[in-house]
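The structure appears below as structure tokens.
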Amino acid sequence: MQEFNIHKIREDFPIIKREVYNKPLVYFDNAATTQKPQTVIDAIVRYYSEDNSNIHRGVHYLSQISTLAFEDTRKNFQEYINAKHHYELIFTKGTTDAINLVANSYGKVFVNEGDEVIISALEHHSNLVPWQNLCEQKKARLRIIPVNENGEIIFDEFVNLLNERTKLVSVAHVSNALGTVNPIKKIIDKAHEFNVPVLIDGAQGLAHYKIDVQELDCDFYAFSGHKFYAPMGVGMLYGKEEWLNKMVPYQFGGEMVDQVSFEKTSYNELPFKFEAGTPNVDAVIGMNAALEYVKDIGVENIAAYESELLSYATGELSKIEGVRIIGTAREKASVLSFLIGDIHPYDAGMIIDRLGIAVRTGHHCAQPILDSFNIPGTVRASFAVYNTKEEINRLVQAVIQVKNMFE
Amino acid sequence: MEVKSIQETEEEIINEFSYFDDWMDKYNFLIEMGKSIPSIDTQYKVENNLIKGCQSRVWLHATLEDGRINFTADSDAVITKGIANLLIRVMNQQTPDDILSAEFTFVDKIGLKEHLSPTRSNGLMAMLKQMKLYALAFKTKTEQAK
């Protein structure tokens, strides 16, 4: 592990040096996607310049080294999240794709009429709509764990929802809209007392926390590469072998098959039975480089630094009269959602953008939770390893300017 | 008072915008425009009159009088309200035919499209489309009545 050196880290991300509207870019939309270090960009260029070939198919040299690099990524992530077996990690397009896989492949086998699926009120649409759809199809019932005024899951209410009809619990590790870190270990343990498996939507978790799936004992953990300094269009589903083996494939085609005739097809073994078609090989290789990058700095160091940024930003923004922080959970990841007086987040976002600062405005694809706060949306600043306190100062100045313009 | 043509109002707006030195002036102008929008009657501020595709909520209503359209609108975001009013200023008191055949090139020329329309988010295009749909509906209705 290297020493945490913010100057060096900023050098690693070429996009950080660019300007927007003639101002140095401040990128605070990391919960939407993170920027990529040069090593990730180089890995993709190298792949296409030197190694490009389809994987798992050819006996020729390039196909073999591409396959090796691809499978290496799987093994490295297995080690990183401490999965028991490499075949418990399925490559997907991202978190949404991973959740859809479970909703379809697990849902088809295990969820029936009258059954229940539990999610929380904090969920991103991608951990809500697939279950809503499944429940509609199967005449099952979607139950929602409520949250308190700080944006924290009410654990006792969750316990009350668990019963013999519950077939799955699916909750976010970290809320993308509010930054709340959910007590996932407690949720998993409680659900297991009822023999109910648990899926953790780790889209906002992996880049900030060390994940140990065996210690957590989660049944599924889904994540995206692009929120983890890796390319877009790739992610993973970790699933316990026992579940994955009982689940049926939901996408069909090449690679996922064993024997094919016009009468009958038998399916390949794990993990391939869930990986139909040619995968996003360059992104997978980029994801391997991103993992190396994060390991070099140490996710604990990243988390500590981001937490420092979060408390600095929270403190500085709170000093501005009229600024209201939305989501005040005791444990928060580096997401700061706020409103400035009665100014519409969209108005605020337009001005902040023109000042060279990328923030997100709106409901952040988590409409229900913002509706429950009775607000049209928020301005959201989310921090990553390359952000600085100086950048936060610029956001503070921008917020003051917004106030001056609209009030 | 004689009604200016769509093109005349467009040129007027382009001229006004040419005095602005920077984006800040443009936004301040839009914020001011937002304040003088022909306000939609509360009874029309309903779900049905909401324009889809905007990050902020925009309500739009139209009436036809003596063959000419009058729009009223509102939004919960001030800049959006300003943009809506800019469009209304160009279109009010025009005939459905004129609105349908207009291309509204001023949007490009004053840099609105470039700076303000990352499509989905501000819904400028959605507003324009909805206004043309109103014009089309009035035109069809009038023709059927003949």
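The values are calculated or read from the model by the stated rules, or taken from the named source; none is laboratory data. Quick caveat, the model's predicted, so the values are computed rather than measured. When we count neighbours, we look across all protein chains shown, and the Cβ atoms used for this are built from the backbone with ideal geometry, even at glycine. Heavy atoms of the whole protein, side chains included, go into the accessibility calculation; ligands, DNA and RNA do not. Shrake-Rupley method; radii C 1.70, N 1.55, O 1.52, S 1.80 Å.
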**Prompt:** Residue check: is B:Lys52 open to solvent by 30 Å² or more (accessible area, probe 1.4 Å) and part of a loop (DSSP other than H, G, I, E, B)?
**Reply:** yes
**Asked** Taking the stretch A:354-388 as the region of interest, how many residues are closer than 27 Å to A:Val299 by Cβ and either more than 22 Å from the chain's Cα centre (by Cα) or at the interface with chain B (Cβ under 10 Å from one of its Cβ atoms) (or both)?
**Response** 2
**Prompt:** Is it the case that some residue within the stretch B:13-24 is surrounded by 14 or more Cβ atoms within 10 Å (Cβ to Cβ), within 14 Å of chain A (Cβ to nearest Cβ) and not in a loop (DSSP other than H, G, I, E, B)?
**Reply:** yes
**Prompt:** Across the stretch A:168-199, what is the total count of residues that are under 20 Å from A:Glu241 (Cα atoms) and surrounded by 22 or more Cβ atoms within 10 Å (Cβ to Cβ)?
**Reply:** 7
**Item:** Members of the stretch B:128-138 found to be open to solvent by 60 Å² or more (accessible area, probe 1.4 Å) and out of contact with any strand residue (DSSP E or B) (no Cβ under 7 Å at 6 or more places or on another chain), listed by number
**Value:** B:Lys129, B:Leu133, B:Leu136
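Condition check ((1) in the same structural domain as A:Leu25 (by TED's automatic domain parsing); (2) without any contact (Cβ under 8 Å) to a residue 24 or more places away in the chain) across all residues:
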| site | (1), (2) |
| --- | --- |
| A:Ala290 | no, no |
| A:Gly327 | yes, no |
| A:Ile340 | yes, no |
| A:Val359 | yes, no |
| A:Asp371 | yes, yes |
| A:Glu390 | yes, yes |
**Request:** Go through the stretch A:138-187 and count every residue that is part of a helix (DSSP H, G or I) and among the aliphatic types (A, V, I, L, M).
**Result:** 4
**Message:** Suppose we filter A:Ala398, A:Ala366, A:Ala381 for residues that are within 22 Å of A:Asn148 (Cβ to Cβ), open to solvent by less than 10 Å² (accessible area, probe 1.4 Å), in the same structural domain as A:Ile15 (by TED's automatic domain parsing) and among the aliphatic types (A, V, I, L, M); which single one remains?
**Reply:** A:Ala366
**Asked** Out of (1) without any contact (Cβ under 8 Å) to a residue 60 or more places away in the chain; (2) open to solvent by 10 Å² or more (accessible area, probe 1.4 Å); (3) charged (D, E, K, R), the odd one out for A:Asp219 is which?
**Response** (2)
**the stretch A:339-353, residues that are facing chain B (nearest Cβ under 10 Å) and either over 16 Å from A:Ile392 (Cα atoms) or crowded, with 20+ Cβ neighbours inside 10 Å (or both)** = A:Asp342, A:Ile343, A:His344, A:Pro345, A:Tyr346, A:Asp347, A:Ala348, A:Gly349, A:Met350, A:Ile351
**Fill in**
When the stretch B:83-116 is checked residue by residue, the ones that are among the β-branched types (Val, Ile, Thr) and assigned to a helix (DSSP H, G or I) are B:Ile83, B:Ile88, B:Val90, B:Ile99, B:Val107
**Scan of the stretch A:276-286 for residues that are open to solvent by less than 20 Å² (accessible area, probe 1.4 Å) and either among the acidic types (Asp, Glu) or in contact with a Pro (Cβ under 7 Å, 6 or more places away or on another chain) (or both), ordered by number** = A:Ala283, A:Gly286
**Prompt:** Which of the residues that make up the stretch B:2-51 are hydrophobic (A, V, I, L, M, F, W, C) and under 12 Å from B:Asp74 (Cβ atoms)?
**Reply:** B:Ile37, B:Ile40, B:Val46, B:Leu50, B:Ile51
**Asked** How many of the residues in the stretch A:80-137 are closer than 29 Å to A:Tyr293 by Cα, open to solvent by 10 Å² or more (accessible area, probe 1.4 Å), assigned to a loop (DSSP other than H, G, I, E, B) and not charged (D, E, K, R)?
**Response** 3
**Request:** Output yes when any residue across the stretch A:261-280 is away from chain B (no Cβ under 14 Å) and under 27 Å from A:Asn387 (Cβ atoms), and no when none is.
**Result:** no
**Asked** Of the residues B:Thr80, B:Thr63, B:Thr119, which single one is part of a helix (DSSP H, G or I) and either polar (S, T, N, Q) or at pLDDT 95 or above (or both)?
**Response** B:Thr80
**Message:** For the stretch B:27-40, check the following and say yes or no: at least one residue is within 14 Å of chain A (Cβ to nearest Cβ) and either over 28 Å from B:Tyr134 (Cα atoms) or not in a helix (DSSP H, G or I) (or both).
**Reply:** yes
**Prompt:** Taking A:Ile65 and the conditions (1) surrounded by fewer than 21 Cβ atoms within 10 Å (Cβ to Cβ); (2) within 21 Å of the chain's Cα centre (by Cα); (3) assigned to a helix (DSSP H, G or I), which numbered condition does it fall short on, given that it satisfies the others?
**Reply:** (2)
